[in-house]
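Worksheet: the structure to be examined is printed underneath.
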Amino acid sequence: RQSILRWTQLGLFSDDDGKISFSATAEAALGSSKKPEVVSKKMPSIARHLVFRNDNNENFWDAEKSKAADLTRALAWTLAQDIYHFSFRTPQEIEATEIRQVADQSKRMFQNYTRVNGLRFWARFLGFTYASKETMIDPTQAVKDECRRIFKTSKDYTASEFVELLASRIPVLDGGTYRQRVEGILDPQHWQKPSIEQMLSTSLSRALWRLELAGIIELESRADAHSNRVLQRQHGQELQSFTHVVYRGGL
């Protein structure tokens with residue numbers, strides 16, 4: 001019941017005197033087909049759009065009237081971590097990492113284990129983690145979903161254009177408005193930015209690398225390009241430099 005109430009507040013459902021149905025926004029996004037497999041495929045993208053909507057994040061640092069902001073902050077913080085060192089293994093590890101990085105106690109995201117468990121569940125549903133033997137930070141599914149929309153208008157973007165478009169659609173990724181707000185409060189002694197401005201976070205690097213390996217996009221390096229972006233691997237090392245992102249199909 002609490003989950004239904006929260007998603008009604010966020011705009012996924014409407015409550016007509018106790019009768020729960022999809023909101024007009026969700027109905028429009030779902031389209032004419034209400035087959036379970038269609039709804040299941042589209043729902044994470046619809047939910048992401050609602051979670052990141054401006055009016056659901058107005059009280060960004062408020063612990064009580066935050067709507068979606070508590071989840072948005074947690075996702076932005078998680079995706080800013082070094083995926084090769086961060087672990088979802090225990091709530092204690094996550095809390096300890098946050099305490100080191102966020103000095104202002106009023107801006108910490110995890111006040112209890114319930115919030116850590118909630119992040120585990122919703123991060124996976126929204127396409128920001130992957131569960132194998134353990135849960136790993138991996139926004140590949142979320143990035144793949146948004147690529148469907150980004151590449152509708154063009155099959156070819158410069159690296160900087162693509163990253164900016166992605167950040168506008170998923171503002172907890174590199175350069176996104178919510179991501180920047182969270183990074184702004186992190187203690188640089190315990191959280192390190194990429195070593196060069198063009199280098200992407202390890203989380204976004206993983207997603208783009210996987211999408212290229214799957215043949216969905218190609219990360220090209222063109223000699224005449226004026227700017228580039230760099231995929232980051234372990235220990236801050238460069239994995240691959242690219243100047244353009246090209247759609248190759250299979251979305």
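Just a few scattered comments:
- Residues satisfying the stated conditions in region 180-220, i.e. of a type outside the set (A, V, I, L, M, F, W, C) and touching a Leu at 6+ places or on another chain (Cβ under 6 Å): Ser203, Ser205, Glu212
- Extreme residue, modelled with the lowest pLDDT, among residues of region 126-159 that are open to solvent by less than 60 Å² (accessible area, probe 1.4 Å) and aliphatic (A, V, I, L, M): Ala131
- Residues in region 80-117 that are among the aromatic types (Phe, Trp, Tyr) and under 21 Å from Ser66 (Cα atoms): Phe110, Tyr113.
- Selection count where residues are open to solvent by less than 40 Å² (accessible area, probe 1.4 Å) and in a helix (DSSP H, G or I), scope region 210-242: 2
- The helices (runs of 4 or more DSSP H) located wholly in region 12-106 that include 1 or more residues which are touching a residue at least 40 places away in the same chain (Cβ under 8 Å) and open to solvent by 60 Å² or more (accessible area, probe 1.4 Å) occupy 91-101.
- Ala123 without any contact (Cβ under 8 Å) to a residue 60 or more places away in the chain, among the hydrophobic types (A, V, I, L, M, F, W, C) and buried (at least 17 other Cβ atoms within 10 Å of the Cβ): yes
- Residue that is farthest from Trp61 (Cα to Cα) [pool: residues in region 161-206 that are touching a helix residue (DSSP H, G or I) at 6+ places or on another chain (Cβ under 6 Å) and of a type in the set (Ser, Thr, Tyr)]: Ser195
- Among residues of region 175-209, those that are part of a helix (DSSP H, G or I) and either in contact with a Cys (Cβ under 9 Å, 6 or more places away or on another chain) or not small (Gly, Ala, Ser) (or both), counted: 12
The values are calculated or read from the model by the stated rules, or taken from the named source; none is laboratory data. All figures in this text were calculated on a predicted structure; none of them were measured in a lab. FYI the Cβ positions are ideal-geometry reconstructions off the backbone, even for glycines, and counts take in every protein chain you see. For the accessible areas, the whole protein counts, side chains as well, though only heavy atoms, and no ligand, DNA or RNA atoms are used. Shrake-Rupley method; radii C 1.70, N 1.55, O 1.52, S 1.80 Å.
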